[in-house]
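Report on one structure; see the data block that follows.
The values are calculated or read from the model by the stated rules, or taken from the named source; none is laboratory data. Remember, predicted model here, so these are calculated numbers, not experimental data. Every residue, glycine as well, gets a Cβ built from its backbone with ideal geometry; the counts of neighbours run over all protein chains shown. Ligands, DNA and RNA are excluded from the accessible area calculation, which covers all protein heavy atoms including side chains. Shrake-Rupley method; radii C 1.70, N 1.55, O 1.52, S 1.80 Å.
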Amino acid sequence: MTDSEWQHWIKQANHGDEKAFQMIYEQSKDQVYRTVTLLIGSKQDACDVVSEVYAELFRSLAKYDGRKPFRSWLTGLVIRQTRNWNRKLWRKFRLHERSKLLETKDLAPDTEELFLQHEHQHELIALVHKLPYKFRSVVVLRYYQEHTFDEIAELLGIPSGTVKSRHHAALAKLRKQAGHLIETNEGGLAPCPSKIN
C-alpha cells in the first residue's frame, strides 16, 4: 500500500469508519506479527502483544502525524508495546523469585534452605559489586531501578549504544563469575537476570 493509500484509510478510520480500520489492520498485521515475534521470541506471547499493538493503534491513530511514513510510525508503536511486554515479564519474574523466597513449608520453613537462598542472593549482589563502576551502574539501573536503555543513557549522559555494550559486557562478566562460583561451591547460584531481557 502506498503512503497516499495509507493516508486515505487513516483519515477514514479517524472519522469512525470501522471498515477503514479493518483495512489498516489487514494490510499491516503480517508485518506487525513478524516484528513482534522477532522481538518477543515467543509465538504464544506474540498474539497478546499484537492485540495490545492494535488496541494502542486504535487509541492513538488520531495523533498520527501524516507527514511521516505510517509504517515507521507503526513500527515505533510495536517497539514500545514489546518493550512494555518485556518489562511486565521481568516484573513477573522478579515477583515470582520474591514469592519463592517468602514461601513456607507447613509454617515451619526449612532453615537450611532459607539460609542457602539468602546466601545465594548475597553472592549475586557481591558479584555485582565486583563489577567496575561503569558496568555496575548499568546493571543496577536496569535490574534494580527497572530503567530502559534509553533512560539509562540519559541518566548517565552516554549514548544508548554504549549502555547496551556495557550491559552486554557486564552480564558476560557476571555469567563467568557465577560459573566459577558454582564450580567451586558445589551449590547453585541464583540465575543471572540476563535470562529475562
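Do we have LYS11 as loosely packed, with under 12 Cβ neighbours inside 10 Å and more than 25 Å from the chain's Cα centre (by Cα) here? No: the conditions fail for LYS11. If you go through region 23-51 and keep only what is within 12 Å of ILE10 (Cα to Cα) and either open to solvent by less than 40 Å² (accessible area, probe 1.4 Å) or touching a residue at least 60 places away in the same chain (Cβ under 8 Å) (or both), you end up with just ILE24.
Among the residues making up region 52-75, those that are surrounded by 11 or more Cβ atoms within 10 Å (Cβ to Cβ), within 20 Å of TRP9 (Cα to Cα) and without any contact (Cβ under 8 Å) to a residue 40 or more places away in the chain are VAL53, TYR54, ALA55, GLU56, LEU57, PHE58, SER60, LYS68, TRP73. In summary, GLU146 fulfils each of the numbered conditions (1) assigned to a helix (DSSP H, G or I); (2) open to solvent by 50 Å² or more (accessible area, probe 1.4 Å) with the single exception of condition (1). For region 141-155, the set of residues classified as more than 12 Å from ARG166 (Cα to Cα) and either more than 15 Å from the chain's Cα centre (by Cα) or at pLDDT 80 or above (or both) consists of THR148, ASP150, GLU151, GLU154, LEU155, listed by residue number.
Of all positions in region 106-122, none carries a residue that is under 15 Å from the mean Cα position of the chain (by Cα), at pLDDT 60 or above and open to solvent by 60 Å² or more (accessible area, probe 1.4 Å).
Among the residues making up region 156-190, those that are modelled with pLDDT under 85 and either open to solvent by less than 70 Å² (accessible area, probe 1.4 Å) or among the hydrophobic types (A, V, I, L, M, F, W, C) (or both) are LEU156, LEU174, GLN177, ALA178, GLY179, LEU181, ILE182, GLY187, GLY188, LEU189, ALA190.
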